[in-house]
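The values are calculated or read from the model by the stated rules, or taken from the named source; none is laboratory data. All of these numbers come straight from a predicted model, not from anything done at the bench. Don't worry about glycine lacking a Cβ; one is built from the backbone with ideal geometry, like all the others, and counts go over all protein chains shown. Only protein heavy atoms, including side chains, enter the accessible area calculation; ligands, DNA and RNA are left aside. Shrake-Rupley method; radii C 1.70, N 1.55, O 1.52, S 1.80 Å.
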Amino acid sequence: MTNFGWRLVELLAVQLSPAEREVALGDLIETRETAWQGMREISGLVFRRQCQLWKSWRPWLAAPGLAFPCSLMLMGFSFAISMEVHNYFVLGGRLSSSPTGPVEALPLLYRLPVLLICSWAAGFVVESVSRSTFVVTQVCCILPCMFCLMRFHHESLPRLCLLLFLFPAIAGVRFSHRGGSMSRSWAIALALIATTCMAALAVRGHLWFLNWELIVPPWYLAILSGRSVRLATLQNEGTLP
Amino acid sequence: MLGEFEYLLITAAATLGENAYGAAMREAIVSATGRNCSIGALYTTLDRLEAKGLVRTWMGEGTPQRGGRSKRMVCVTRNGTAAARSFYETMIRISDRAPWAAQRKARAE
């Protein structure tokens with residue numbers, strides 16, 4: 001097996017659990033498979049393992065259930081916040097003379113906590129619910145981002161303003177990846193803040209009804225907060241019986 | 001009742017005895033059947049058999065031929081032996097009057 005081919009095979013094998021990777025690569029070396037055969041064998045094993053994972057509801061919740069729709073909606077929030085920040089701080093002089101100025105600033109105050117809490121919670125939940133299928137979850141997040149970035153044209157705002165939500169989301173993913181957990185009282189407080197802000201936006205007519213899905217991650221976190229989330233993750237990945 | 005591939009795996013493991021592990025079982029199956037046995041099919045089926053309590057697996061030591069990487073050793077349990085025997089006897093019974101089995105008997109006699 002050539003060095004380059006071997007590296008590709010090892011790269012593919014990263015999708016397997018460490019013990020299974022060790023065994024499968026050892027078998028390939030022992031039976032002196034070519035790089036091509038090795039790639040075929042490992043990709044077959046990875047495919048079968050992924051198929052087994054998708055028999056559970058967890059990857060479906062994480063990827064098409066949360067990552068895809070939440071990315072789209074949070075991009076909408078990112079854009080709305082960028083527009084409002086632009087209006088109030090860049091064009092502030094014009095609005096300060098308007099008697100409705102302070103009232104119009106309220107949506108920004110409501111949207112910002114929703115963006116921060118829901119993005120962070122979504123990142124945390126999609127990583128902790130189905131860590132083994134996280135690559136697919138990432139794809140489900142990146143695809144709508146790419147689609148919107150390509151179609152986005154605005155005179156005064158850069159395209160990257162759509163991706164504001166990614167910063168708290170990545171922080172949530174990293175927090176989950178490091179094994180972090182949150183006390184139930186904190187999780188409930190965050191979920192309540194997000195829900196209240198969304199309700200306030202809905203009352204003022206600033207919320208699309210599908211945006212209510214964004215409160216799923218904070219409430220999921222609140223309901224399964226603390227130890228139970230970590231246990232569920234470990235059980236899902238076969239680390240615990 | 002066992003599936004065909006499950007039976008092949010249990011039989012290969014039982015035949016190899018203490019030397020039953022992934023690569024050796026693959027070679028045994030390929031040489032007996034003449035068909036390819038993929039690593040994916042082998043290890044996912046082994047997991048299924050282990051979940052049913054028909055085999056037991058554990059991580060063995062690495063050897064220089066494997067670049068020092070570990071083996072997944074396999075041992076057939078009592079239930080596995082019983083299930084394989086039941087499968088074998090069923091195949092023998094149902095094949096008893098089949099033309100190909102009659103030809104084989106005639107050749108043997």
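Would you call A:Leu163 modelled with pLDDT of 85 or more, crowded, with 21+ Cβ neighbours inside 10 Å and within 23 Å of A:His206 (Cβ to Cβ)?
No.
Open to solvent by 50 Å² or more (accessible area, probe 1.4 Å), under 13 Å from the mean Cα position of the chain (by Cα), away from chain A (no Cβ under 14 Å) and without any contact (Cβ under 8 Å) to a residue 40 or more places away in the chain, is that true of B:Thr15?
Yes.
When the range B:1-12 is examined, which residues are found to be over 8 Å from the mean Cα position of the chain (by Cα) and either assigned to a helix (DSSP H, G or I) or touching a residue at least 60 places away in the same chain (Cβ under 8 Å) (or both)?
Residues satisfying the conditions are B:Met1, B:Leu2, B:Glu4.
With the requirement that a residue be in a loop (DSSP other than H, G, I, E, B), more than 10 Å from chain A (Cβ to nearest Cβ) and among the hydroxyl-bearing types (Ser, Thr, Tyr), what does the range B:18-39 give you?
Result: no residue meets the conditions.
Taking the residues in the range B:40-67 that are within 11 Å of another protein chain (Cβ to nearest Cβ), open to solvent by less than 50 Å² (accessible area, probe 1.4 Å) and not in a helix (DSSP H, G or I) as candidates, determine which candidate is farthest from A:Trp6 (Cα to Cα).
Step by step, filter the range B:40-67, then rank; the result is B:Thr57.
Within the range A:49-78, work out how many residues are assigned to a helix (DSSP H, G or I), open to solvent by 30 Å² or more (accessible area, probe 1.4 Å) and touching a Phe, Trp or Tyr at 6+ places or on another chain (Cβ under 8 Å).
2
Taking the range A:1-21, which residues are out of contact with any Leu (no Cβ under 8 Å at 6 or more places or on another chain) and either open to solvent by less than 40 Å² (accessible area, probe 1.4 Å) or assigned to a loop (DSSP other than H, G, I, E, B) (or both)?
A:Thr2, A:Gly5, A:Val14, A:Gln15, A:Ser17
I'm trying to understand the selection: among the residues of the range A:7-39, which are more than 8 Å from every other protein chain (Cβ to nearest Cβ), under 31 Å from the mean Cα position of the chain (by Cα) and acidic (Asp, Glu)? Write out each step before concluding.
Quick first cut of the range A:7-39, residues more than 8 Å from every other protein chain (Cβ to nearest Cβ) only: A:7-18, A:21, A:32-39.
Right, trim to under 31 Å from the mean Cα position of the chain (by Cα) and you get A:7-18, A:21, A:39.
Passing the criteria: only A:Glu10.
Can you give me the number of residues within the range A:22-48 that are more than 11 Å from B:Ile39 (Cα to Cα) and open to solvent by 60 Å² or more (accessible area, probe 1.4 Å)?
Count: 4.
Going residue by residue through the range A:179-200, is there one that turns out to be under 17 Å from the mean Cα position of the chain (by Cα), of a type outside the set (Gly, Ala, Ser) and open to solvent by 60 Å² or more (accessible area, probe 1.4 Å)?
no
Restricted to the range B:71-102, and to residues that are in a loop (DSSP other than H, G, I, E, B) and open to solvent by less than 40 Å² (accessible area, probe 1.4 Å), which residue is farthest from B:Asp47 (Cα to Cα)?
Looking at the filtered set, the residue picked out is B:Ala98.
Check whether at least one residue in the range B:72-84 is among the small types (Gly, Ala, Ser) and within 14 Å of chain A (Cβ to nearest Cβ), and report yes or no.
no
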